[in-house]
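Take a look at the structure set out below.
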Amino acid sequence: MYTDCSDVRELLPLSPRASGSSRDPLGCLLTPAGDLTGEHPKRTGAEYRALWKTAIRQQILLLRMEKENQRLEEASRDELHIRKMKLNYQEVGQCSREGQALWEKKLTAPGRTTVPQDTEEMYRALCQGVPKSRRGEVWLLLSHQHRLRHRLPQRQQAADIQYHDLLKQLTTQQHAILVDLGRTFPSHQYFSTQLGAGQLSLYNLLKAYSLLDTEVGYCQGISFVAGVLLLHMSEDQAFDMLKFLMYDLGIRRQYRPDMISLQIQMYQLSRLLHDYHRGLYNHLDEHEICPSLYAAPWFLTLFASQFPLGFVSRIFDFLFIQGTEVIFKVALCLLSNHEGEILECDSFESIVDYLKTTIPTLTQTQMEQTIAKVLEMDISKQLHAYEVEYHVLQDEMLEVGSPPDESERLDKLEKTNAQLKKQNMDLLEKLQVARQKIQTLESSVENFLSRESKMKHMIRSLEQERASYQKTIERMRSCFPADAVADVEMTHIKTGPNGKAKAAAKKP
């Protein structure tokens with residue numbers, strides 16, 4: 001039994017007198033009124049037992065707090081490690097300090113998700129680069145800005161179901177999703193571990209979307225798109241971004257069972273090759289290689305299944321602001337950059353092998369050059385015209401598929417269609433020639449204007465020089481007597497060409 005309160009104070013983790021705290025639960029017991037007079041009041045055994053219990057409880061609480069702090073520190077370290085693991089790829093084009101400051105300003109601006117911002121300014125900021133650590137936030141900002149300017153009709157919007165509610169349900173696509181988990185970014189550390197954190201997050205995301213979009217469900221290719229999103233943001237954010245890509249940007253159309261949208265895209269790419277790279281188009285057509293043999297994976301996975309992640313992430317930057325047009329521009333640039341090597345391939349197998357295996361192995365310089373070339377292109381009008389052309393051709397083919405007794409009419413329609421196609425090609429070629437002539441004439445006009453301005457400037461300088469000479473002559477005349485000036489003038493007249501002629505005429 002303790003007879004003095006000071007012994008109990010030594011056992012306590014903190015005493016009110018040492019800490020100076022007036023909120024200590026034992027303060028009323030350890031500093032009784034008797035302490036103020038220097039006396040030590042006697043306590044009962046029950047009071048000492050209560051003090052002991054309180055001290056033990058405080059010690060237990062402190063130990064629990066220390067363990068919790070250690071757990072939080074370990075969780076924080078794990079989170080930093082996972083984040084570093086996710087972003088383990090080589091960036092294409094470093095973001096400048098001005099670009100980082102600009103994105104920092106935009107990502108922290110008030111009302112950034114409710115007030116529309118200047119699209120051109122956002123595009124110029126993207127051209128300067130995107131900091132890898134803030135890329136997910138930039139994508140979220142771009143999606144919010146797109147939704148502020150382009151609101152989908154109610155019938156085209158995704159069902160309003162929370163992500164966590166979808167995770168509680170079962171999907172019939174479970175087997176297909178599980179099979180593709182190991183095939184999605186197998187060389188990336190975050191997704192390589194079987195049923196690890198990356199694969200589990202990817203499974204949750206694909207499962208939730210298959211339940212949300214029952215028409216599409218799960219299709220091969222979506223896993224790569226979802227994987228790119230998961231590398232830059234959390235599951236909830238990635239699910240929202242996946243809905244944005246699929247519904248707001250319309251990418252889900254290429255995953256629908258009929259895949260009509262993908263067929264239109266392949267036709268558009270073929271027409272782009274025909275108009276911009278005729279030699280390459282003829283070479284591929286000669287070996288019966290259509291775009292669906294090599295470009296279908298590019299469109300279905302947004303280049304993520306074959307190309308480096310840094311290159312794919314840069315494509316995603318512009319995808320959020322320009323839409324699917326970026327995919328066509330990248331595909332066209334990749335083919336044009338390797339046109340010479342493709343033309344050297346002289347067989348079906350060698351061409352397909354080059355398109356599928358060699359082109360995706362881009363160097364850092366080639367990736368940067370491709371992105372720079374993409375930024376200079378504008379093919380939106382052509383893509384729209386090609387889509388209309390595709391639907392017209394499909395309607396004509398439906399009309400052609402009539403009863404067999406109209407074979408003559410069908411032959412005429414086929415001939416007419418061929419003639420129209422030829423005329424269309426000729427008109428397009430003439431249009432391109434006319435555009436080139438216009439550009440040449442515009443450059444000539446600019447040259448003439450610059451030469452004219454230079455001539456005007458030269459004339460003004462000569463006039464100023466002439467005026468200065470006249471002033472000099474006047475000053476010189478004022479310095480000589482009048483009769484001397486007259487003699488000089490007469491001498492000049494006599495010695496001049498006319499004077500010599502007159503003197504020669506006077507000779508006999």
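Annotations
- Residue pairs whose Cβ atoms lie under 8 Å apart, sitting 6 or more positions apart in sequence or on different chains, and linking a residue in the range 304-318 that is over 13 Å from residue 130 (Cβ atoms) to a partner that is among the hydroxyl-bearing types (Ser, Thr, Tyr) and open to solvent by 10 Å² or more (accessible area, probe 1.4 Å), are 308/89; 309/89.
- Put simply, of 172, 119 the only residue that is farther than 15 Å from residue 320 by Cβ and either surrounded by fewer than 15 Cβ atoms within 10 Å (Cβ to Cβ) or not hydrophobic (A, V, I, L, M, F, W, C) (or both) is 172.
- Of all the listed residues (470, 436), the sole one being more than 30 Å from residue 276 (Cβ to Cβ), free of Cβ contacts under 8 Å to residues at least 60 places away in the same chain and either in a helix (DSSP H, G or I) or under 44 Å from the mean Cα position of the chain (by Cα) (or both) is 470.
- Looking only at the range 181-200, residues that are modelled with pLDDT of 90 or more and either outside any helix (DSSP H, G or I) or surrounded by 19 or more Cβ atoms within 10 Å (Cβ to Cβ) (or both) come to 12 in all.
- Looking only at residues in the range 284-304 that are hydroxyl-bearing (Ser, Thr, Tyr) and in a loop (DSSP other than H, G, I, E, B), the one that is nearest to the chain's Cα centre (by Cα) is 301.
- Check on residue 141, assigned to a helix (DSSP H, G or I) and open to solvent by 60 Å² or more (accessible area, probe 1.4 Å): no
- For the range 300-335, a tally of residues being small (Gly, Ala, Ser) and open to solvent by 20 Å² or more (accessible area, probe 1.4 Å) returns 1.
- Selection status of residue 280, more than 26 Å from the chain's Cα centre (by Cα), surrounded by 19 or more Cβ atoms within 10 Å (Cβ to Cβ) and either of a type outside the set (Phe, Trp, Tyr) or under 26 Å from residue 152 (Cβ atoms) (or both): no
The values are calculated or read from the model by the stated rules, or taken from the named source; none is laboratory data. These numbers were taken from a predicted model, which means no experiment stands behind them. Cβ sites come from the backbone with ideal geometry, for glycine too, and all protein chains shown count toward neighbours. To get the accessible areas, we keep the full protein, side chains included, count just its heavy atoms, and leave off ligands, DNA and RNA. Shrake-Rupley method; radii C 1.70, N 1.55, O 1.52, S 1.80 Å.
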